[in-house]
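Beneath this line is the structure, given in structure tokens, with notes to follow.
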Amino acid sequence: MHARSIGSVAALSGVAYVLAVRLLFRRWGTQADEVRRALPGDELVKDPRWSLNHAITIDAPPSAVWPWLVQIGYQRGGLYSYDLLDRWAGILDAPSADVVLPEFQQLNVGDVIPLGAGPNWPVAAVEPERALVLAPVAPGMEISWAFVLDPLPGGRTRLQTRVRANYPAGIGSALMMTLMDPAAFLMTRKMLLGIAARSERLANARQSSDISNRSISLQPAHASPQPPTGGMAEAPAADLRHSA
């Protein structure tokens, strides 16, 4: 094969590889219809120059997923991603929580989620157990970040996250956002995996507690024997119920 032909094939292969990798970075875990569907928050950045769509199926209902989303942030629940990197960057000051924090279970539109040294995240929309939309602040940019929970049969949840961003046109900005692809992929994928693991543990703990409580309530109470007629009443028999 002619050297020029070999060079052309190599160049085309390189371009195809880059495009395939970028597609993985920006669409990890998603299906084509999920990328195309409209999500809450899309109206905040109508014509994005850059977008990211990631999704994961969680073996837990939305009620076990939502608590972890609503408590994210600095000096809150954390981000459930690579904590060492987030702490090194000053975004977090402690490891992400492995328990639900009751004091951070309420979010309203207009609240601001702190991010340490990073830009804060104003809350743009909240629909409990359904959708959380953030509008991160960055100079010269418009950004929306949505988390959407769709219930699935069998008590499972499909969690999809979408980031949309607009930035000034220019080679420098485009290059910066291209370099963002691998970092955004790694941190967001780890975040979804962290939320999934915590949600499944919470759902299992709730189910175990429910089964335990149900077994206790279904234990038959042994009736005390009736005192003999005309005689002294006997001491009641001991209640044989016990806690599981």
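The values are calculated or read from the model by the stated rules, or taken from the named source; none is laboratory data. Keep in mind it's a predicted model, so treat the numbers as computed, not measured. Cβ: placed from backbone, ideal geometry, glycine included. Neighbour counts: every protein chain shown.
The condition (being in contact with a strand residue (DSSP E or B) (Cβ under 6 Å, 6 or more places away or on another chain), modelled with pLDDT of 95 or more and of a type in the set (D, E, K, R)) is satisfied by just one residue among Asp86, Asp59: Asp59. Restricting attention to region 49-85, the residues that are in a helix (DSSP H, G or I) and either in contact with a Gly (Cβ under 7 Å, 6 or more places away or on another chain) or touching a residue at least 40 places away in the same chain (Cβ under 8 Å) (or both) total 10.
Is one or more of the residues making up region 126-145 farther than 21 Å from Tyr74 by Cβ, of a type in the set (Phe, Trp, Tyr) and buried (at least 19 other Cβ atoms within 10 Å of the Cβ)? Taking every residue of region 126-145 in turn, none turns out to be farther than 21 Å from Tyr74 by Cβ, of a type in the set (Phe, Trp, Tyr) and buried (at least 19 other Cβ atoms within 10 Å of the Cβ). Being over 17 Å from the mean Cα position of the chain (by Cα) and under 25 Å from Asp33 (Cα atoms) is a property that holds for Met180. Applying the condition of being among the charged types (D, E, K, R) and either part of a loop (DSSP other than H, G, I, E, B) or touching a helix residue (DSSP H, G or I) at 6+ places or on another chain (Cβ under 6 Å) (or both) to region 35-48 and asking which residue is surrounded by the fewest Cβ atoms within 10 Å (Cβ to Cβ) yields Asp47. Taken over region 149-170, the criterion of being under 19 Å from Pro48 (Cα atoms) and surrounded by 15 or more Cβ atoms within 10 Å (Cβ to Cβ) is satisfied by Gln160, Thr161, Arg162, Val163, Arg164, Ala165, Asn166, Tyr167.
Return yes when Thr178 is farther than 23 Å from Ala64 by Cα and not charged (D, E, K, R) and no when it is not. For Thr178, the condition - farther than 23 Å from Ala64 by Cα and not charged (D, E, K, R) - is met.
Close contacts from region 150-173, counting a first residue that is within 17 Å of Ala38 (Cβ to Cβ) and a second that is of a type in the set (S, T, N, Q), with Cβ to Cβ under 6 Å and a gap of 6+ residues or different chains, come to Arg158/Thr57; Arg162/Asn53; Arg164/Ser51; Arg164/Ser144.
Condition check ((1) part of a strand (DSSP E or B); (2) in contact with a Phe, Trp or Tyr (Cβ under 7 Å, 6 or more places away or on another chain); (3) under 30 Å from Val109 (Cα atoms)) across all residues:
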position: Ser144; (1), (2), (3): yes, no, yes
position: Thr157; (1), (2), (3): yes, no, yes
position: Gln160; (1), (2), (3): yes, no, yes
position: Thr178; (1), (2), (3): no, no, no
position: Asp181; (1), (2), (3): no, yes, yes
position: Arg206; (1), (2), (3): no, no, yes
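Here is a yes/no grid of residues against (1) within 18 Å of the chain's Cα centre (by Cα); (2) of a type in the set (S, T, N, Q); (3) under 26 Å from Ser51 (Cβ atoms):
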position	(1), (2), (3)
Pro67	yes, no, no
Arg87	no, no, no
Val109	no, no, yes
Ala135	yes, no, yes
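In region 86-97, the residue that is surrounded by the most Cβ atoms within 10 Å (Cβ to Cβ) out of those that are on the phi < 0 side of the Ramachandran plot and part of a loop (DSSP other than H, G, I, E, B) is Leu92. Close Cβ contacts (under 7 Å, 6 or more residues apart or on different chains) running from residues in region 194-209 that are among the charged types (D, E, K, R) to residues that are at pLDDT 95 or above comprise Arg198/Trp68; Arg198/Tyr80; Arg198/Asp98; Glu200/Ile58; Glu200/Asp59; Glu200/Ala60; Arg206/Ala64.
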